[in-house]
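Each remark here refers to the structure printed beneath this line.
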Amino acid sequence: MRVAVIGAGVSGLAAIKCCRDEGLDVVCFEKRNDLGGLWNYTEIVKPGQSNVTRFVIITFIIRVVPKTARIVFEQPEFP
């Protein structure tokens, strides 16, 4: 069976992995040239394109990553 995933952001990448794990033929459609969706930070934002700000990324790295790193690395591979 062939499956289409729209968007290569966090959810799209997780969906692709799950589909591939089930042996499905996956095609992903992404309007940007890179993976990551909103988390793909760029200095220049084109019209109709969104991304998180530098402040959000820095805050995430400083506050969230240290608290969750222990949990993530102790878990088996997603899912």
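The values are calculated or read from the model by the stated rules, or taken from the named source; none is laboratory data. The structure presented is a predicted model; accordingly, all values stated were derived computationally and were not measured. Virtual Cβ from ideal backbone geometry, glycine too; neighbours counted across all protein chains shown.
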Look at the stretch 16-40 and say how many of its residues are surrounded by fewer than 16 Cβ atoms within 10 Å (Cβ to Cβ), of a type in the set (A, V, I, L, M) and closer than 14 Å to Val3 by Cα. 2
Can you go through Pro47, Pro76, Pro66 and tell me which one is exposed (fewer than 12 other Cβ atoms within 10 Å of the Cβ), part of a helix (DSSP H, G or I) and either more than 16 Å from the chain's Cα centre (by Cα) or modelled with pLDDT of 90 or more (or both)? Pro66
